[in-house]
Amino acid sequence: MPDTRTHIFRTMIFTLLVPGVVAALVPYLLLQAENHLEASVKGPGMLGLVLVTAGVLVYLRCALDFIRKGFGTPSPSLPPSALVISGLYRFTRNPMYVGVGMILVGEALLFGSLRLLVYSAFILVGFHWRIVNYEEPTLRQAFGEAYERYCQSVPRWILPRLTGTPGPKRKDPLDPTATK
């Protein structure tokens, strides 16, 4: 089993190659193509800066949780061997994607770019498709009943629980006595 240093290294490589390309390189190329590389921190640009910063922090926190609690990386080549359901994963099942989405929408606002906003929408739809058609079935197969309980307790995207605790009809995903 790879050690923590290997997980950190592979997470860094994955972050550069996947979210780095999606949330940095492609937006840069789109902005360059429309000759629009000047950011504004006035009005919507300030909100954009806040979203970009928050999105980066969300992504980094999730990557750290994959390493420390999941004993793996965000990369499909070395996925977590333990189901990660703590930290930001208590509020939504896909906080890493939410973080990257925040970065993309934030960049669109920061640079005032409709092209980046449209790109963000396409990427978010792609994220949803990947989650529903690949990640969720893979996680169900890998973690079985524990993942099913987690899905019942924590929403995929919308209406995240702001308290981080199960609601009245939700069961604790870690409780092996919880029923469906």
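The values are calculated or read from the model by the stated rules, or taken from the named source; none is laboratory data. Treat the numbers as computed from the prediction; the structure is a model and nothing was measured. Here the Cβ is made from the backbone with ideal geometry for all residues, glycine too, and neighbour counts use every protein chain on show.
Look at the range 94-113: where a residue is within 14 Å of A54 (Cα to Cα) and a partner is not in a helix (DSSP H, G or I), sitting 6+ places away or on another chain with Cβ atoms under 8 Å, you get M96/P74; V98/T92; V98/W157; E107/S113; L110/A39; L110/S40; L110/V41. Is it true that Y119 is assigned to a helix (DSSP H, G or I), of a type in the set (S, T, Y) and over 30 Å from T6 (Cα atoms)? Against the criterion (assigned to a helix (DSSP H, G or I), of a type in the set (S, T, Y) and over 30 Å from T6 (Cα atoms)), Y119 qualifies.
When V58, V84, V125 are checked against the criterion of being surrounded by 15 or more Cβ atoms within 10 Å (Cβ to Cβ), in a helix (DSSP H, G or I) and on the phi < 0 side of the Ramachandran plot, a single residue qualifies: V58. Selection of first residues in the range 1-21 that are on the phi < 0 side of the Ramachandran plot and modelled with pLDDT of 95 or more and of second residues that are surrounded by 13 or more Cβ atoms within 10 Å (Cβ to Cβ) and part of a helix (DSSP H, G or I), restricted to Cβ pairs under 6 Å at least 6 apart or on distinct chains, gives the following pairs, ordered by first then second residue: P19/V100.
Out of T53, T11, T15, one residue alone is among the hydroxyl-bearing types (S, T, Y) and surrounded by fewer than 16 Cβ atoms within 10 Å (Cβ to Cβ). It is T53. Would the range 82-99 turn up any residue that is more than 19 Å from I158 (Cα to Cα) and over 13 Å from the mean Cα position of the chain (by Cα)? Yes, that holds for at least one residue. With the requirement that a residue be surrounded by 14 or more Cβ atoms within 10 Å (Cβ to Cβ), among the small types (G, A, S) and at pLDDT below 95, what does the range 22-41 give you? Result: A39, S40. Does E148 fit the bill of being surrounded by 13 or more Cβ atoms within 10 Å (Cβ to Cβ) and more than 19 Å from the chain's Cα centre (by Cα)? Judged against the criteria, E148 is a match. Only one of these conditions is not met by D65: (1) part of a helix (DSSP H, G or I); (2) surrounded by fewer than 16 Cβ atoms within 10 Å (Cβ to Cβ). Which number is it? (2) is the only condition that D65 fails. Among the residues making up the range 100-118, those that are over 13 Å from the mean Cα position of the chain (by Cα) and of a type in the set (A, V, I, L, M, F, W, C) are V105, A108, L109, L110, F111, L114, L116, L117, V118. Checking each residue in the range 1-58 for being under 13 Å from L104 (Cα atoms) and hydroxyl-bearing (S, T, Y) picks out Y28, T53.
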